[in-house]
Amino acid sequence: MQFYYPVIFFLGAYLLTYFTVPKIIGIVEYKNLMDNPNRRSSHIKKTPTLGGVSFFYTLIFALFFLHRWDTFDEAIYFIPGLTILLIIGLKDDLLVLSPYTKLAAQLVAVIFILSNESFRITSLNGFLGIQEIPIYLYYFIGGFMMLTIINAYNLIDGIDGLASIVGIVILVIYTTIFYLTGEYFYVLISLALNGSLIAFLSYNLSSNRKIFMGDTGSLMVGFIISILTLKFLALSPESYDSLPFLLENTPLIAISILIVPLFDTARVFTIRVANKKSPFSPDRNHTHHILIDSFKLSHQEASFIIGGFNLIFVILMILLGSTSYNFYLVLFLISFFIVLAYLFYRFDYSFANIKRKILLRRKVDKIKGGVLKQSEKPSHEKRTKLK
């Protein structure tokens, strides 16, 4: 692949998104298709949404020019899935759909990808002693994994910049991986989406030209990331020779790349189920909400901290994965999840207790103040005698 192709795809996607997002903002404002704040919102005024529409046409343009690099005609399998998610995302942003309707649409989009043989996972290459896997198990694992990633990425889109920054970090890592393994189709699609995300981020963090990607955008970005993850796991054993970690550690490296959305989703779903609520019920228990509410961080600060953590964690796992066998890495990963979840639980619990104590103290002071005021006033009988 010539060196200028990555530059062309990245810059082309960046410029296409950068110069067309203002048009989307104008249409959304003119038609009053704004996102209204509610008790869970992190914004306080009406804000344009549907920014994810820019991802759709950018990816479609990229796939058209990328067709010459797809050995198994993968590009044509992307388009139906992206179209389905565009439609369902638009409808959800404008009318709000049930989680199960969105899940059904995602499943249909995922089926198109799973039907392409280039994504077929035939072996786990010795991970936990597992070698060959039957075809029916591949469809189950692949479908479950893609749906999990799509929804996990969708769930982290709760504050300005977070979904974009985490997406950029993930795509940079996959760009590097596929470049080292010679999978140039996936290098270019990663660069195209990354250029689009970077351009969108400048508007998402803007104070006067702000726009949200909405479900329209987060579903499509999550869909592409899930495809890249599936392809990463489906690479031939020979392709891993150029990567700096042991072949059998590949599933754990994939988990580490997606650590932020996966950890946040697992934590939030656990809390909701423990409270006897639907795992899809909205709340402010997400990691980014805790950082903002408890540490009083801005959206940008919380987003960059989480994105930086994602990158550092992947580097750490790759370093460990180059020498350690998966048993020790699994042990490390499970221990890390437990410790991190415990810390967030304890902090959130302590913060909630402090908040309750403050509110109780205020109520007690208010009641005491009312009693004192009443005692200072002369009674009706005393006022009559004084007269």
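Kindly list the number of the only condition in (1) small (Gly, Ala, Ser); (2) open to solvent by less than 10 Å² (accessible area, probe 1.4 Å); (3) farther than 25 Å from residue 95 by Cα that fails for residue 222.
With respect to (1) small (Gly, Ala, Ser); (2) open to solvent by less than 10 Å² (accessible area, probe 1.4 Å); (3) farther than 25 Å from residue 95 by Cα, residue 222 is out only on (3).
Conditions: (1) within 18 Å of residue 220 (Cβ to Cβ); (2) exposed (fewer than 14 other Cβ atoms within 10 Å of the Cβ); (3) aliphatic (A, V, I, L, M). Residue 63 meets all but one. Number of the miss?
(2)
Every residue in segment 45-79 that is among the hydroxyl-bearing types (Ser, Thr, Tyr) and in contact with a strand residue (DSSP E or B) (Cβ under 9 Å, 6 or more places away or on another chain), please. Steps first, answer last, please.
Within segment 45-79, the subset among the hydroxyl-bearing types (Ser, Thr, Tyr) is 47, 49, 54, 57-58, 71, 77.
Of everything in segment 45-79, those that are among the hydroxyl-bearing types (Ser, Thr, Tyr) and in contact with a strand residue (DSSP E or B) (Cβ under 9 Å, 6 or more places away or on another chain) turn out to be 47, 49.
From (1) of a type in the set (Lys, Arg); (2) more than 19 Å from residue 343 (Cα to Cα); (3) assigned to a helix (DSSP H, G or I), pick out the condition that doesn't hold for residue 277.
Result: residue 277 fails condition (3) only.
Of the residues 150, 224, 165, only one is part of a helix (DSSP H, G or I) and farther than 25 Å from residue 101 by Cα; which? Break it down stepwise before answering.
Working: 150 fails: farther than 25 Å from residue 101 by Cα; 224 fails: farther than 25 Å from residue 101 by Cα.
Of 150, 224, 165, the one residue that is part of a helix (DSSP H, G or I) and farther than 25 Å from residue 101 by Cα is 165.
Among the residues of segment 125-134, which ones are open to solvent by 40 Å² or more (accessible area, probe 1.4 Å) and either without any contact (Cβ under 8 Å) to a residue 12 or more places away in the chain or on the phi < 0 side of the Ramachandran plot (or both)? Spell out how you get there, then give the answer.
Filtering segment 125-134 for residues open to solvent by 40 Å² or more (accessible area, probe 1.4 Å) gives 128-132, 134.
Within segment 125-134, 129, 130, 131, 132, 134 meet the criteria.
Could you check how many residues of segment 249-308 are surrounded by fewer than 20 Cβ atoms within 10 Å (Cβ to Cβ) and hydroxyl-bearing (Ser, Thr, Tyr)?
5
From 174, 153, which residue is buried (at least 16 other Cβ atoms within 10 Å of the Cβ), of a type in the set (Phe, Trp, Tyr), closer than 17 Å to residue 252 by Cα and touching a residue at least 12 places away in the same chain (Cβ under 8 Å)? Reasoning before the result, please.
On the way: 153 fails: closer than 17 Å to residue 252 by Cα.
Result: 174 is the single residue among 174, 153 that is buried (at least 16 other Cβ atoms within 10 Å of the Cβ), of a type in the set (Phe, Trp, Tyr), closer than 17 Å to residue 252 by Cα and touching a residue at least 12 places away in the same chain (Cβ under 8 Å).
In the set 99, 80, 48, which member is at pLDDT below 95 and surrounded by fewer than 21 Cβ atoms within 10 Å (Cβ to Cβ)?
Working: 80 fails: at pLDDT below 95; 48 fails: surrounded by fewer than 21 Cβ atoms within 10 Å (Cβ to Cβ).
The unique qualifying residue is 99.
Among the residues that make up segment 184-202, is at least one of them over 17 Å from the mean Cα position of the chain (by Cα), among the β-branched types (Val, Ile, Thr) and farther than 23 Å from residue 21 by Cα?
Yes.
What is the one condition in (1) over 16 Å from the mean Cα position of the chain (by Cα); (2) hydroxyl-bearing (Ser, Thr, Tyr); (3) surrounded by 15 or more Cβ atoms within 10 Å (Cβ to Cβ) that residue 122 does not satisfy?
Here residue 122 clears every test but (3).
Filter segment 134-164 down to the residues that are farther than 21 Å from residue 55 by Cβ and either among the β-branched types (Val, Ile, Thr) or out of contact with any Phe, Trp or Tyr (no Cβ under 8 Å at 6 or more places or on another chain) (or both) and list them by number.
134, 135, 136, 137, 138, 139, 140, 141, 143, 144, 145
The values are calculated or read from the model by the stated rules, or taken from the named source; none is laboratory data. All values derive from a computational prediction rather than experimental measurement. Positions of Cβ are backbone-derived with ideal geometry, glycine not excepted, and every protein chain shown enters the neighbour counts. Note: areas computed on protein heavy atoms with side chains; ligands, DNA, RNA excluded. Shrake-Rupley method; radii C 1.70, N 1.55, O 1.52, S 1.80 Å.
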